[in-house]
Every structure is written in structure tokens, then in C-alpha cells.
Amino acid sequence: MYPVKKAIIIGAGPAGLAAALRLQKSHNISSVIYELRPTPTTIGGSIGIPSNGLRLLDRLGVYKPLTQIANTDERFILHSTTNDAILAESNFSGEAMERIGYGYMRVKRTDLISCLLDAVQREGTPIHYGKRIVSIDEQDERVTAKFEDGTQDTADILLGCDGIHSSVRTMRVDSTLKPEYSGVSAMFSLLRRSELPADSPPVTCFNSTFTTDGLLAIISCTASNDEIFWFFSGEVPVPESGENGWEEHRHKEVQEFKTSILNVLGQVQGRWGNFVREVIHRTESISFTPIYRLPLGGTWSRGRCLLIGDAAHAMQPHAGQGTSMALEDIFVLSHVLKHYPDGSVHDIFSKYDEVRRPRVTRIYTASEQNGQLWKKTGSWGLWFRENMVWAMFSLASVFGRKRGVIPLDDLIYDPEEEPIS
Ligand SMILES: Cc1cc2nc3c(=O)[nH]c(=O)nc-3n(C[C@H](O)[C@H](O)[C@H](O)COP(=O)(O)OP(=O)(O)OC[C@H]3O[C@@H](n4cnc5c(N)ncnc54)[C@H](O)[C@@H]3O)c2cc1C
């Protein structure tokens, strides 16, 4: 008999929704989800989910519905800056498809959330929106969360799935761990294919181009290729007025994005260059996000509260693993629960930490290393970068191999195969 019968989940992002699903389906633990926003998220661009995350979405029963709406072309293409050549073409997940049957998916954030929500609602899990947590107390082997509107709830455990600026973390688990700026920012937008000239080249997968100021990508994010997502990500210094100045900076970027990106994209030649400039011209509005991460080494649990996903280990998105890491967290927790059906909450959370931390550290470090390619460089640096990527991917293909964005072992990693002693 599990000592855990009910969980309070704070946050209805990918981590919170997936946690509720897994706990209910595999452990008969009922959850109640509390989300800060007044409604399910309607904002955000698209996210890429590689093989290790896709296999877990399948185990949650949401992979097949997602393949109906999301883009599953797993190729990424790097276009030359100086001519129409393709410098590199490979698969995001390398040879993972051949090994485990899952490749890569690019999905609109709203589509991912609504698929997970459908599944959670089918399980009958209640979700309360517009809920701001104000305190967490533990007494008599139970944890109680109180909300700003005067309501409260009590359960056996509380999962903080409330993202990088987690209130559960600051309020209860580790108030010392603060998000830090990665030095890199991103601007992005979604565009309907019909908004582009009819003779535009097809966009069916992830297309990218390095520039001296960062990387531009244009990606299909639907199964029918009727919507494209573009982002430009590069080094942006903290505003002169300090980190409180981001709001003003965001406003400026949003106002002036056409001039600033088109200036940078002036260096991209050929038909591809013309196309990317056209995409920017036709874009009406963008979002701007300075990319923050959490330093490694924080505390993930205290008492009956455990942090999951970005709340515990937000990393740079440059290995495309943030969502997959949140999913893996939940499957590791589930795996530990299965091994210790009678374990105390303390023992379960300690074992979770012991099993999970090395993997998180490895992927966090890989994301940070990949992020170096997004830093500003000169024209020689750009030449070197393009040739380095060309060499990395061409060498693999000479030997008949497909190289992914992180090592194959990491892309076929299965949290349920972690040895638990
Ligand atoms: C620019 C950018 C690009 C990215 N690209 C990718 C990608 O391609 N692939 C990928 O896998 N990952 C990507 N990521 C990372 C990915 O978005 C996150 O890792 C993932 O969303 C983490 O899920 P989560 O549920 O832990 O947190 P979140 O998605 O942040 O969800 C947290 C939820 O909690 C809610 N919340 C916050 N505070 C509270 C509170 N106090 N009370 C209640 N609810 C609260 C929020 O409203 C939200 O609904 C990217 C991130 C950025 C910034």
C-alpha cells in the first residue's frame, strides 16, 4: 500500500499535467492541480521534443494524438550564409528512430498543453485556475497549501511544477536558488503559411542559418505544414539599467524587431536569404524572451514537497531537452515509487534525487555547451562555426551514421531502466 494517496500539484505546464497523469494511471494516486494563470495557456511558440521525451509521452497516452497535429519530420537543415548550399542535414535524434521507434516532434506549446489537458480531464483530475499559493505547512504527515483567495487543500505530497520562478521553491524548498541570465535571448513568432507568397519554398522541418549575431530557425510546427514558427536567438547583454530593465528592453525589441533582424539577415545570401527576409517582413508581432536558467546544485525536496521540471533544474533550451527532462523526472519518481511501495516520503524523495541528479547534470551541461554556438562572433568565427558543424555532421554521414544534437545514448535513455538499489 503506497503511503501516498493524494498529491497537490502546483502548476499546469507540461510537468504538472504529466505528473498528474502518471500518478493516477500507474499508482492510483489522485491529484488536484492548481494553476496561477486564469485559463489554460494560450501563449507561447513551439517546442521541439526529441526521442527520449516522445517515448514518455507515448507511455502517457498522448503521443498518437500529438502526431495528428504536430510536425514529425525529424530532419534539421543548416543553410549556408554565403550561398544556397546546405551545409549539414541530419536528424535531431540521430539514429534513435531505428533504435527505439521515436524521432522528433515540433509542436505548438498550446497544442501540447491541450493534448495533455484532454488526457488529464479524461482521468477526472480537477484543475483550478487563477490560484496563487501563499503558504505551505506540514503537520501530522500531511502537507497543506493555502491560496490567496482563502481556500486551502491538504494531501500526502506536494509537487512544485511551477516553472523557473517557482513559488514552491522559494517559499518552501530552496529560497537560495535564484534564476540567472544565460547571456542569450530569443525572439520568436508563429506565422500562417498562407501569409507568405505562394511561390515560397516549402518548410517541412527545422531549417536554420548561423549569423554573426546568433541563429535563425524557420520550422514547420504542424502536421499539415500550414503554420511555421521562426526564432532568432543570440547573445544579448543585460540592459544598462540592470535586470529590472528587461521589460523596457522587451518593449524596444518588439517595436524594432524588423529593423534589427533584417539588419543581421542582410548577411544571408541566395534564395534562402531572400526567403528568411520575406518571413520577417510578413511577421506582424513577436515575443522576446531573455533566457534564464537555474544554477546546478540546488535542493529539490524538503519534507513532503518535491520540485519537478523547470522548478528544479531549468536549463538553456539549446539541447531541446527542457520538456523531456520534466517528463523524465516524473517517470523516475514513478519508478522509485514502484520499487519502494512502502517507503517513507523522505526515503522516496532521497532515492529520487540520487537517481535523477547525474542525468540532469549531464544534459544541463550539454545544453550550456550547445549554447556557445549562439554567441556573437565575427565573420571568421562564423566561417569556423559553419565549417565545424559541416565537419561534425559530414564525418558521421561518411561512416553511414546520423548524428543527433546530443549523444545517442542520451536520446534513447529510458528512466524506467535506471538501476534502483
Ligand atoms: C525560448 C525557449 C525555448 C524553448 N524551447 C524548448 C524546446 O524546443 N524543447 C523543449 O523541450 N523545451 C524548450 N524550452 C524549455 C521548456 O519550455 C521547459 O523546460 C518546459 O516548459 C518545462 O515545463 P514545466 O512544466 O516544468 O514548466 P513551465 O512550462 O514553465 O510550466 C509551469 C506552469 O506553472 C504555472 N505557475 C507558475 N507559477 C505558479 C504558481 N505560483 N502557482 C501555480 N502555478 C504557477 C505557470 O503558469 C505554468 O503553467 C524552451 C524554453 C524557452 C524559454
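Values in this text are rule-based calculations from the coordinates and carry no lab data. As the structure is a prediction and not an experimental result, all values here were calculated from the model. Here Cβ is always computed from backbone atoms with ideal geometry, including for glycine, and neighbour counts include all displayed protein chains.
Using per-residue counts of other Cβ atoms within 10 Å, averaged over each peptide, order 281-293, 153-165, 56-68 from highest down.
Put in order of decreasing packing, that is 153-165, 56-68, 281-293.
Note down the nm distance, to one decimal, between modelled labels 7 Å out along Cα→Cβ at Trp383 and at His128.
Here the answer is 6.3 nm between the modelled labels.
Could you give log10 I(q)/I(0) at q = 0.25 Å⁻¹ for segment 61-126, computed by the Debye formula over C-alpha point scatterers of equal weight, without solvent?
-1.04
Let me know the Kirkwood hydrodynamic radius for the chain, please, with Cα pairs as the basis and the value in Å to one decimal.
Taking every pair of different Cα atoms in the chain, averaging 1/r and inverting gives 22.4 Å.
With r as the distance between the Cβ atoms of Tyr340 and Glu247 and R0 = 35 Å, compute the FRET efficiency 1/(1 + (r/R0)^6) and round to 0.05.
Taking R0 as 35 Å, the efficiency between Glu247 and Tyr340 is 0.15.
Quick check: Cα centre of segment 210-281 to Cα centre of segment 41-98, how many Å?
20 Å
Take peptides 322-328, 174-180 and line them up by average Cβ neighbours within 10 Å, highest first, as a rough protection proxy.
Most protected by this proxy first, the peptides run 322-328, 174-180.
Test of understanding: extend the Cα→C-beta vector of Thr299 to 7 Å, then name every residue of segment 172-212 with backbone N under 11 Å from that spot.
Backbone N within reach: 172-177.
Among the lysines, select those whose C-alpha is under 20 Å from the C-alpha of Lys108, and discard any that sit fewer than 8 residues away in the same chain.
Straight-distance partners of Lys108: Lys64.
So which of Lys25/Lys338; Lys146/Lys178; Lys5/Lys338 end up more than 18 Å apart by C-alpha?
Lys146/Lys178
Between Met171 and Thr42, how high is the FRET efficiency from 1/(1 + (r/R0)^6) when r is the Cβ-Cβ distance and R₀ = 35 Å? Nearest 0.05.
According to the calculation, E is roughly 0.85.
Sort the following peptides by mean Cβ neighbour count (other Cβ atoms within 10 Å, averaged over residues), highest first: 101-114, 406-419.
101-114, 406-419
Could you please report the charge total around Leu191, scoring K, R as +1 and D, E as -1 over all other residues with beta-carbon less than 15 angstrom from its beta-carbon?
For residues surrounding Leu191, the net value is +2.
For the pair Asp140 and Thr365, how long in nm is the line joining their label points, each one 7 Å along Cα→Cβ?
Calculated label separation equals 4.7 nm.
Rounded to whole Hz and in sequence order, give me ³J(HN,Hα) for segment 404-413 from the Karplus expression 6.51 cos²θ - 1.76 cosθ + 1.60, θ = phi - 60°, writing x for Gly and Pro.
Along segment 404-413, the couplings run x, 7, 9, x, 4, 4, 6, 7, 10, 4 Hz.
Give me the aspartates and glutamates in straight-line cross-link reach of Lys6: C-alpha distance below 13 Å, same-chain residues under 8 apart excluded.
By straight Cα distance, Lys6 reaches Glu141, Asp153, Asp156.
In the chain, which helices (entire DSSP H runs) extend 27 Å or more along their own long axis, judged by Cα positions, while averaging at least 0.0 on the Kyte-Doolittle scale?
379-398
Using a 7 Å offset from the Cα along the Cα-to-Cβ direction at both Lys376 and Glu416, what is the distance between the two label points in nm, to one decimal?
4.9 nm
Taking 0.36 nm per intervening residue step and subtracting the Cα-Cα distance, what contour gain separates Ser30 from Met392 on full extension?
So the extension gain works out to 125.6 nm.
Would you mind pulling out the separation of the Cα centroids of segment 352-369 and segment 152-194, in Å?
Cα centroid to Cα centroid, the span is 18 Å.
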